[in-house]
Every structure is written in structure tokens, then in C-alpha cells.
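A.B. asks: Sharing a structure with you now.
The values are calculated or read from the model by the stated rules, or taken from the named source; none is laboratory data. Predicted, not measured: the structure shown is a model, and the values here were computed from it. Ideal geometry is used to build each Cβ from the backbone, glycine not excepted, and the neighbour counts take in all protein chains shown. Ligands, DNA and RNA are stripped out before the accessible areas are found, and what is left, the full protein with its side chains, is counted by its heavy atoms. Shrake-Rupley method; radii C 1.70, N 1.55, O 1.52, S 1.80 Å.
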Amino acid sequence: MSVRVLDRREARRIAVRAQLLDARRPPALVPMVDDLTLLQIDPTAAIAPNVDLVSWSRLGDAYAPSDLRFALEEERSLVEHGSYVRPMDDVGLVLATVRDWGRHERAREWLAANAGFRADVLARLADSGPLTAADVPDTAAVPWQSTGWTNDKNVVLMLEFLMMVGEVAVAGRQGRLRRWDLAERVYPADLEVPAYDVARAELARRRLASLGVARTRAAAQFAEPVDVGEIGVEVEVAGLAGRWRVDPDAVAAAEEPFEGRTALLSPFDRLVYDRDRALELFDFEYVLEMYKPAAKRRWGYFALPVLHGDRLVGKLDAKADRKAGVLRVHAVHEDHPWEPEVGDGVEAEVQALADWLGLDVVRG
């Protein structure tokens, strides 16, 4: 049986559609997250937190951060788990595959060595939850040892590890601080945790549907995989070596006319998160430069990738100065000289971003 060959434009359009970045806007926040499968949580707010920036790039000015808080804390249709906001319906799948978590074995041993501490935390939450980590006493018998910021952060790690094994959950936020409670008070009473193999296959299927096209095997990424194994349909992408998989529904949709738009993306957006795939499919080179000295940055501290149609065409170097009430546009980097319609589309999107933030645009 012959393997279908996609040209790179077809593959790009499948990827853009799957990430809800074509001209059709999602109807609302919760179905958007369900289609994307997750929103990565990152505290950097040079323009807006990642969860908000990704949501705005799909929903436009129909999105407000209060919508996310309502879905997480009141409606409980979404939930914060690990470093991501996920559909509540996916929690059982994530809990079923906890052994794939990189720190699972060491965390399991540490939990066993701190059985009393674990019991103390659960009892405190049962009596007084939801609580922030600062409200929970540290009674660890064996402190957590590391060479990084987690060294001796026993309460935070105990709560996070108990979240990963399904005993506690994030009930909401107090400012930027997570508020923790027993999982049974946050998750649905009828939560099902399927068998490992079933859950792993379903997560891979959902991942491929959200990406459209992905490598069978990809370079390792932090926390959330970007490869899909044998899920979906095998394809070749013209001019690119190696094996790719494509979502079957996306193949069918590829026959429909494609209508694109201009979008400003978060550096953590799943369209560009896999930097290798972005380079292969879009000829788009990108590095998040916030950790580089200013003199060594090519595009800016928190440069936003620019999508136009089915191409990633440049980067926007901007920062929200809320104190001054302005969105400061330091530079717009064109990967290749833009046609006037591209420039017009980017200008309109910069203004739309500023309007959504409630800021005025200032250049330079």
C-alpha cells in the first residue's frame, strides 16, 4: 500500500487548522481547550501570561481572563494539572499515565520515605482546604535534595507529587499562588481512570488531532510529548526525511479550501513549541531569548512569532508597559520582505492586541 505524500504547504495548512489558527474562530474557551488538549502555564507576562495569550490568539476580543477563572474555579470544566490547563474530562487519562512522568520513580520513593508528612498534608487539607503551600507546615522526615530551585521545597513538592498521583488537586488561585485541596473535592465524583495502554493511546490520538501532523518520534520535550507513535495515518512530507503521522480527520479536511489569517503567537504556542517541526514545515527559526543577555538577542526578550496564512513570517518584539498604559513595539522582524497585505495584517493584529490589553501602541 502506497504512503500518501503531502507537500509542505498541505502539511502546514493541516497544522494551522488543527491549532485553530485559520480564519474560523472557535466558538468559546472550553471547546477551544478541548480541541487544543492543553494550555501551558507560564508566569512570564511580558505581554500577557501564556494561557491568556494563546486563548486571545484563537478567540480574539471575545476572550477575557475571567472566562478562564470561571471555567477553572466555578464551572470546573477545565482544571490546572502540572504545568497545564486541561479539560476536566482528560484528568483520568493523565492520572492513568503518571508513570510516564519523568520524576515518577524518584517521587514515588520520596513519598514512601515521607509517609507521615504525606498523611499530615492530606489531613490538613481535609480539615481546612483549600490552602496555599504557605499554609501547610513542613513535617518532612527526608528533605528533597536537588541542585536547583526545588532543593528543600518540601511542601510545594509534596503537593505537586500528590497531584500527580491523584490525591490532591489545584482548586484555584489566590493571586499567583495555587490553592490546593483534596482531589475528591475538585474532580468529578464519577472520574474514571482507564488502563494505562488505553489512556496512553487516547492521549496520543488527542495530541495528534491537536497538532494535525507530527513526527512518529521527535526530540525530547519538557513534560508534554510532541510525538505520537503509531497513531493516525503514516505520510511522507515532500522534501523531508523520516516518518510523519497525520490525523485522519485532518486529511479529509485538507481537501477543503483554506482561508488563513494573521495571528501573533506566544513563544509557548503549540504551533511553534516543537522548534524542529517549525523549522522543517515552516522554514521558521525561533529561539526564546529571554534568558540571553540583551546584547545577544536577535529578535527580543519575548518576541512573538507572526503567522500569516499558512506561513510563519517574522517576530514581533513588544512589551506591555501597564504602568504607562502602552504596548511598546520595539521592532517587527520580517524573516523575508513582506508583501503589503502581510504588513497590513500585522499592523491590524498589533492594534487588536493593544485594544484587548487596554493599552495604546507606542513604537520604538
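A.B. asks: Give the residue list of chymotrypsin sites (Phe, Trp or Tyr not before Pro) in segment 106-193 that are DSSP loop and have at most 16 other beta-carbon atoms within 10 angstrom.
C.D. replies: Answer in residue order: Trp149.
A.B. asks: 7 Å from Cα along Cα→Cβ at both Arg76 and Val193: what's the point-to-point distance in nm?
C.D. replies: Simple spin-label model gives 1.8 nm for this pair.
A.B. asks: Taking only the Cα atoms of the chain, how large is their convex hull per residue, in Å³?
C.D. replies: Here the figure is 161 Å³ per residue.
A.B. asks: When you count, for each residue, the other Cβ atoms within 10 Å and take the mean per peptide, how do 182-188, 236-242 rank with the highest first?
C.D. replies: 182-188, 236-242
A.B. asks: On a full-extension model of 0.36 nm per residue, what is the gain between Arg205 and Asp276, subtracting their alpha-carbon distance, rounded to one decimal in nm?
C.D. replies: Using 0.36 nm per residue and subtracting the Cα-Cα distance, I get 23.5 nm.
A.B. asks: Please turn the phi angles of segment 193-208 into ³J(HN,Hα) values with the Karplus equation 6.51 cos²θ - 1.76 cosθ + 1.60 (θ = phi - 60°), one per residue in order, whole Hz, x for glycine and proline.
C.D. replies: Values, residue by residue: 10, x, 5, 3, 4, 5, 5, 5, 5, 5, 4, 5, 4, 5, 4, 5 Hz.
A.B. asks: While we're on this one: Could you check the spin-label model distance between Ala134 and Leu240? Points 7 Å from the Cα along Cα→Cβ, value in nm.
C.D. replies: Output for this residue pair reads 4.6 nm.
A.B. asks: Treat each spin label as a single point 7 Å out from the Cα along the C-beta direction, and report the Asp152 to Asp249 distance in nm.
C.D. replies: If labels sit at Asp152 and Asp249, their model points lie 5.1 nm apart.
A.B. asks: Quick one: pull the percent of accessible area on the chain belonging to carbon and sulfur, 1.4 Å probe, ligands and nucleic acids left out.
C.D. replies: Values: 8660 of 17180 Å².
That share works out to 50 percent.
A.B. asks: Among Asn154, Pro137, Leu125, which residue has its Cα furthest toward the positive end of the charge dipole of segment 87-174, with +1 on Lys/Arg Cβ and -1 on Asp/Glu Cβ?
C.D. replies: Farthest along the dipole direction, towards plus: Asn154.
A.B. asks: What does the convex hull of the alpha-carbon atoms of segment 192-304 project to on average, in nm²?
C.D. replies: 9.5 nm²
A.B. asks: At a temperature of 25 °C and a viscosity of 0.890 mPa s, determine how fast segment 83-233 diffuses translationally according to Stokes-Einstein, using the Kirkwood radius over alpha-carbon pairs as Rh; express D in µm²/s, rounded to the nearest whole number.
C.D. replies: 145 µm²/s
A.B. asks: Would you mind working out the accessible area per residue for the chain, using a 1.4 Å probe, and quoting it in Å²?
C.D. replies: Each residue of the chain exposes 47 Å² on average to a 1.4 Å probe.
A.B. asks: Okay, moving on. Roughly how many Å² of Arg215 are accessible to a 1.4 Å probe, to the nearest 10?
C.D. replies: Here the accessible area works out near 40 Å².
A.B. asks: For segment 352-364, just list the computed ³J(HN,Hα) in residue order, Karplus coefficients 6.51, -1.76 and 1.60, θ = phi - 60°, integers in Hz, with x standing in for Gly and Pro.
C.D. replies: Listing the rounded values in order: 5, 5, 4, 4, 5, 6, x, 10, 9, 7, 10, 9, x Hz.
A.B. asks: Could you tell me, in Å, what Rg and Dmax come out for the Cα atoms of segment 245-364?
C.D. replies: 15.7, 49
A.B. asks: About the Cα centre of segment 281-331, how large is the charge dipole given +1 on each Lys and Arg Cβ and -1 on each Asp and Glu Cβ? Please answer in debye to the nearest 20. Could the numbers behind the result be given before it?
C.D. replies: Working: 10 positive and 6 negative charges, 71 e Å.
With only Lys, Arg, Asp and Glu charged at Cβ, the dipole is about 340 debye.
A.B. asks: Given the Cα-Cα distance of Val142 and Arg173 and 0.36 nm per residue of separation, how much length would full extension add, in nm? Can you show the working numbers first?
C.D. replies: Details: separation 31, 0.36 × 31 = 11.16 nm, distance 2.84 nm.
Full extension of this stretch gives 8.3 nm more.
A.B. asks: Next question, about the same structure. For a quick check: with amide H placed at 1.01 Å from N, whose amide H comes under 5 Å from Trp180's, ignoring anything fewer than 5 positions away on the same chain?
C.D. replies: Hits under the 5 Å cutoff: Leu131, Thr132, Ala171.
A.B. asks: Assuming 0.36 nm per residue, please report the length gained on full extension of the stretch Ala218 to Arg103 beyond their Cα-Cα distance.
C.D. replies: 39.4 nm
A.B. asks: While we're on this one: Using the C-alpha gyration tensor of segment 36-86, what are the square roots of 5 times its eigenvalues, in whole angstrom, with the largest one first? Kindly include the intermediate steps, with their values, before the conclusion.
C.D. replies: Numbers: eigenvalues 52, 39, 19 Å².
Semi-axes, largest first: 16, 14, 10 Å.
A.B. asks: Where the only charges are on Cβ atoms (+1 Lys, Arg; -1 Asp, Glu), what is the dipole of segment 1-70 about its Cα centre, to the nearest 20 debye? Don't skip to the answer; put the middle values down first.
C.D. replies: Numbers: 10 positive and 9 negative charges, 80 e Å.
That gives a dipole near 380 debye.
A.B. asks: Kirkwood Rh over alpha-carbon pairs of segment 1-128, then Stokes-Einstein at 4 °C and 1.567 mPa s: what D in µm² s⁻¹, rounded to an integer? Walk me through the numbers before you get to the answer.
C.D. replies: Details: Rh = 17.7 Å.
Using the Kirkwood radius from Cα pairs, D works out to 73 µm²/s.
A.B. asks: Let's see if you can work this out: charge +1 on each Lys and Arg Cβ, -1 on each Asp and Glu Cβ, no other charges. What is the dipole magnitude of segment 3-120 about its Cα centre, in debye to the nearest 20?
C.D. replies: That gives a dipole near 600 debye.
A.B. asks: Going by amide H atoms built from the backbone, whose H comes under 5 Å of the H on Ile47, apart from near neighbours?
C.D. replies: Ala320
A.B. asks: In nm², what is the average projected area of the convex hull enclosing the Cα atoms of segment 1-45?
C.D. replies: Values: hull surface 22.0 nm².
That works out to 5.5 nm².
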